[in-house]
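Here is the structure we will look at, set down as C-alpha cells.
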Amino acid sequence: MSGAAPSPAEVTAEVRGWLGANWDPERPLLEWRGLLADSGWASPQWPADWLGKGLSAELARVATDERQSHGAVGPPIGSAMNLAAPTLLAHGSADLKGRLLRRILTGEDHWCQLFSEPGNGSDLAGLTTRADRDGDEWVVSGQKVWTTGAKTAAFGMLLARTDWDAPKHRGITYFILPMDQPGVEVRPLRQMNGHASFNEVFFTEARVPADNVVGELNDGWSAALTTLAHERGLGGSRLVASDGWQKGRTATEAMAEAAEHSRTYAWYPQRAGRPDLLATMARQVDASPVERQLIADVIARNRVANWNVERARSARAAGRAPGPEGSVAKLAGSDIARRSAHAHGTMAGAAGMLTGPTSMHDGVIAEILVSVPAGSIAGGTDEIQRSIVGERSLGLPREPSADSHVPFREVRTNSTGR
C-alpha cells in the first residue's frame, strides 16, 4: 500500500480478496506461512520493506481480525515473534533482518532469551558473560539461567560484556547466538512445582559471527530495553487463539505446534494464583465471611488490573511503543497472585499442601502455593518494576548507584567476588 493511508474498509476488502485467492485449509503449515509472510499480511504493522504493509496499529488489527474471521491460521507465537522480531526491527541491521525475519514469521526458527545470570539477580547490567573478538567472530564464555525454550532454539538473544573498562551499562553488546554448536550446553532446571520449563545455558568458547551484532557494539543495553519492554507485555501472547480456525491440514499442524509450545507454560495459570478457582473453592469448603472477603478483594483487584491491560492495549493500538504500563501490569499481576494464593491457602488449610489425584483439585492448590513466588521474580523483579514506574511514570529521581559510572572491571560482583 502506498500514498494516503487506506480506510478500514479498504484494508478489509484487500485482506478478504487475498485470502479468497490464497487460503487453502489443506496447505502444509510451512507453505501457508511462507505465502502469508511474503504477502505482508502475517505482520501488517511491520514496515513494507520488511515483510509488512506499514499499517498503523489500528489498521493492522483490522487486517488481523479479517484473517481470523476467515478461519485462516496466523503466524507463530513465542520468543521469536514476540521478542526477537520487534528488537530486530528496531535495532537490527538490514543483513540481520533479511536473514532472520522471514523464518520467524514462518515458524522455522525458534528463539530463546539469554539475559539472566546466576550471579547477578535482578541487576541485569551486572552480567559477566564475556565476548572477545577473534577475527570475523566473537568468542563467548559464561553462563545464563532461567532460559525458556533453549533446547529447541535455533538462535539466542544474547547479552555479553565486550568492554570491561566501560561502565556496566555501556560495555554490553547484544548478539544473535547460533545455539546448535559444540560450545553451547543446555541443562534443564527442575522447579519446586515439579516442572522443568527453564534451563541453564553454559558457553565454552561458543562462536558468534561478527555480523550478528544487534545495534551498536557496546550499546546492547538500548536493544535489551526494547526486548524487555515487549517481554513485560507478553501476558496472553503465550497462548494460541485457535478458536475459529478452519479445519484442515494447516490447522491440524498449527494446533500440534501450539500444543507443544503451550506445554512449557502449563503451570503458568497456577503461577498467576488461579483467581478463577476461588469461587469454586469457596463453595466447596463453605467459606467463612473472612475468607469471602479475601476472595472479594482479589476479584476487585483483578478487575482493576484488567482495565489497566485494556488501557495498555489502547496505547499500542494508537501506535505507542510498550512503556511503563507493562511494569504496572506486572506488579498488579504478582500482587493478585499472592493474594489469590493466600485465599486458597486459607480456605484449604493443611490439605492445600497435598498433591496427587486424591488431593484438593488434583493437587492444583499445592501447585499454586509453590508456583506463585515466581511471578514476583520472572521478567524483572517487583522491585525493578517499582523503580521503572517511579522514574518513568511518576518522575521520581533515579535510584542512586555507586557503580554506574566506574569501569566494570572495578565493580564488585557476586561472580568475581572483587
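Could you say which residue among L127, L101, L105 is without any contact (Cβ under 8 Å) to a residue 60 or more places away in the chain, touching a Gly at 6+ places or on another chain (Cβ under 9 Å), buried (at least 18 other Cβ atoms within 10 Å of the Cβ) and not assigned by TED's automatic domain parsing to the domain that holds L225? Every option except L101 fails the conditions.
Reported count of residues in segment 403-413, each being under 17 Å from L124 (Cβ atoms) and assigned to a loop (DSSP other than H, G, I, E, B), is 5. Of the set (1) hydroxyl-bearing (S, T, Y); (2) under 29 Å from A279 (Cβ atoms); (3) without any contact (Cβ under 8 Å) to a residue 40 or more places away in the chain, all apply to S376 but (3). Evaluated against (1) over 23 Å from L228 (Cα atoms); (2) under 20 Å from the mean Cα position of the chain (by Cα), L331 falls short on exactly one condition, (1). As a summary of the residue check, K144 satisfies the conditions (1) under 21 Å from L225 (Cα atoms); (2) over 18 Å from the mean Cα position of the chain (by Cα) except for the one numbered (2).
Filter segment 332-355 down to residues that are surrounded by fewer than 21 Cβ atoms within 10 Å (Cβ to Cβ) and either among the hydrophobic types (A, V, I, L, M, F, W, C) or at pLDDT below 85 (or both) and give me whichever is nearest to L294 (Cα to Cα). Checked segment 332-355; the qualifying residue nearest to L294 (Cα to Cα) is A332. Criterion applied to I368, I384 was being part of a helix (DSSP H, G or I), in contact with a Gly (Cβ under 7 Å, 6 or more places away or on another chain) and of a type outside the set (G, A, S), and the one residue passing it is I368. When residues in segment 367-401 are screened for being under 23 Å from M192 (Cα atoms), charged (D, E, K, R) and more than 22 Å from the chain's Cα centre (by Cα), 1 of them pass.
Here the condition is being among the hydroxyl-bearing types (S, T, Y) and free of Cβ contacts under 8 Å to residues at least 12 places away in the same chain; of S404, S359, it holds for S359 alone.
Checked against the criterion of being among the β-branched types (V, I, T) and modelled with pLDDT under 95, the candidates V298, V328 yield just one match: V328.
Listed here are the residues, each with its yes/no results for (1) touching a strand residue (DSSP E or B) at 6+ places or on another chain (Cβ under 7 Å); (2) outside any helix (DSSP H, G or I); (3) closer than 30 Å to D95 by Cα.
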| position | (1), (2), (3) |
| --- | --- |
| A9 | no, no, no |
| G20 | no, no, no |
| W32 | no, no, yes |
| S43 | no, yes, yes |
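Annotation for segment 258-268: at least one member residue is within 30 Å of D362 (Cβ to Cβ), in contact with a strand residue (DSSP E or B) (Cβ under 7 Å, 6 or more places away or on another chain) and at pLDDT below 95.
Assessment of segment 299-319 against the conditions (assigned to a helix (DSSP H, G or I), β-branched (V, I, T), closer than 17 Å to H342 by Cα and assigned by TED's automatic domain parsing to the domain that holds D335) yields at least one matching residue. Of everything in segment 75-98 that is small (G, A, S) and buried (at least 20 other Cβ atoms within 10 Å of the Cβ), the residue that is nearest to E253 (Cα to Cα) is G78.
The values are calculated or read from the model by the stated rules, or taken from the named source; none is laboratory data. Here the structure is a predicted model, which means the values were calculated and not measured. With ideal geometry, Cβ positions are generated from the backbone for all residues, glycine too; neighbour counts draw on all protein chains shown.
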